[in-house]
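Just below is one structure, and these are the notes that go with it.
Bear in mind that the values in this text are calculations on the coordinates, not laboratory data. None of these values were measured; they are calculated from a predicted model. Ideal geometry is used to build each Cβ from the backbone, glycine not excepted, and the neighbour counts take in all protein chains shown.
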Amino acid sequence: MDPRKFLAPEILYGVGSRFRAGAYAANIGIRRALLVSDAGVIAAGWMEQVRESLARAGVESVLFDGVSPNPRTHECQAGRERYLAEACDGIVVVGGGSPMDCAKAIGILAVNEGCIRDFEGVDTIPTPCPPLICIPSTSGSSADVSQFCIINDIDRHVKMAIVSRILVPDVSLIDPETTCTMDAELTAATGLDALTHAAEALVSNARSSLTDLHAKEAIRLVWNNLVGAIEHPENLEYRHQMSLASLNAGLAFSNASLGAVHAMAHALGGLLDMPHGECNAILLPHVVERNFETAEQGYRAMAAAMDIAEQTLSAPACKARLLESIRTLQRQAGIPPRLGDCGVKPEDLAALAKVAEQDACLVTNPCDLDADELENLYARAL
């Protein structure tokens, strides 16, 4: 295997990690932080605890909470304006994937000229971003450890992927306790997002031995703990295991990239503003079925991590068992089985396929897929 790079932030993991935000911010030179969060996280109390930690360390903070699910281009611009107007010198974000992606975009715009769509694609950011500390409140997006930033360009109805080593946070403070306030629906969607991240990293044409280790562990952890976390939301052990799943999945996909599931899910999120984790969950079995012949060994490794005795099975039997297991977990998590259940219509499919074909994540799918094949996959999921 050719040499592969592996990027990761400094990580502090464990209950109470959020209370170290102030010490870490001060250590990396932040004196006035833009504190990015959203209404749900603020209501849960996590943001205020982090703000108090910053204050105890002598770090001033200014709140920016204008973040929607699937963060919009104009929200990134508003965050930039707040950052500059308040003379901030770093960013601390408390929240799920949407606040973390928005925070990354604010960081890009704070030190680079232009609008956020100017940075779409891979390695397009000329000037490094301000210091960034992430405190995730969900266990699935893995934006706290990844070099990805996904922003909804509402003018083009496209979710843009911005990918750069510059976007790897300086510090990730992963505290499983902050995930205990997720409801069942969000727990399910983010957990299946983690599963999809790991599954796509495991068969990516940019995978490596290092990313395989993290991807397989993430799949095992999701398979064994997601339903428990949904059914027992205050059980800290399940939350701990799912936080580890998200961390491992993030380290895998940040370095191996993704594939057709995410390319197609980004199109759905941009055109129809659908929840990202739900899109991934519905699309995953259809893409696995299409990719299986090209990436059989990777999918056999996925099957083994899901307690399937894949060594004894023929390729068709292994594929069938793996698809059955994915769909069983999807049902147990309460995810709608079809895109049609979420409002997608047949007349949407051609436009979705054209957008997905241009997505950066499609480049590392194990087999080449054109717009016609993507449209066919959407149709199968409809």
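Numbers below:
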{"read-out": "Angle in degrees between helix 184-203 and the longest Cα principal axis of the chain, rounded to the nearest 10", "value": "70"}
{"read-out": "Formal net charge of residues neighbouring residue 237 (Cβ-Cβ distance under 14 Å; K, R +1; D, E -1)", "value": "-2"}
{"read-out": "Gyration tensor (alpha-carbon) shape descriptor, the range 10-179, a/c threshold 1.5", "value": "prolate"}
{"read-out": "HN-Hα J in Hz across the range 40-57 - Karplus 6.51, -1.76, 1.60, θ = phi - 60°, x for Gly and Pro", "value": "x, 5, 5, 4, 6, x, 5, 4, 5, 5, 5, 4, 5, 5, 4, 4, 4, 8"}
{"read-out": "Helix 236-256 vs. the chain, principal-axis angle (Cα, 0 to 90°, nearest 10)", "value": "80"}
{"read-out": "Sequence of 253, 119, 6 once ranked by neighbouring C-beta atoms within 10 Å, starting from the fewest", "value": "6, 119, 253"}
{"read-out": "Residue-count net charge about residue 339 - beta-carbon cut-off 15 Å; Lys, Arg +1, Asp, Glu -1", "value": "-2"}
{"read-out": "Packing-based exposure ordering (other Cβ within 10 Å, fewest first) of 325, 314", "value": "314, 325"}
{"read-out": "Residues 318, 115, 129, 367 arranged by fewest to most Cβ contacts within 10 Å", "value": "115, 367, 318, 129"}
{"read-out": "Three-way shape call for the range 51-114 based on the alpha-carbon gyration tensor, with the a/c threshold at 1.5", "value": "oblate"}
{"read-out": "Whether the range 121-168 is rounded, prolate or oblate, judged on the alpha carbon gyration tensor where a/c under 1.5 counts as rounded", "value": "oblate"}
{"read-out": "Other-chain or far-sequence residues with amide H under 5 Å of residue 158's (modelled H)", "value": "153"}
{"read-out": "Options 78, 334, 35, ranked by Cα towards positive dipole end of the chain, top entry (Cβ charges)", "value": "35"}
{"read-out": "Residue with peak Gaussian network fluctuation, the chain [Cα springs, cutoff 10 Å], from 207, 156, 321", "value": "156"}
{"read-out": "Positive minus negative residues near residue 371 (Lys, Arg vs Asp, Glu; Cβ under 10 Å)", "value": "-4"}
{"read-out": "Of 275, 128, 316, the one that fluctuates the most in a GNM where the chain has Cα springs shorter than 10 Å", "value": "316"}
{"read-out": "Degrees separating the helix 209-231 axis from the principal Cα axis of the chain, which is the longest one", "value": "90"}
{"read-out": "Debye, to nearest 20: dipole size of the range 10-179, +1 on Lys, Arg Cβ, -1 on Asp, Glu Cβ", "value": "120"}
{"read-out": "Among 328, 181, 211: highest mean-square fluctuation, GNM of the chain, C-alpha pairs under 10 Å", "value": "328"}
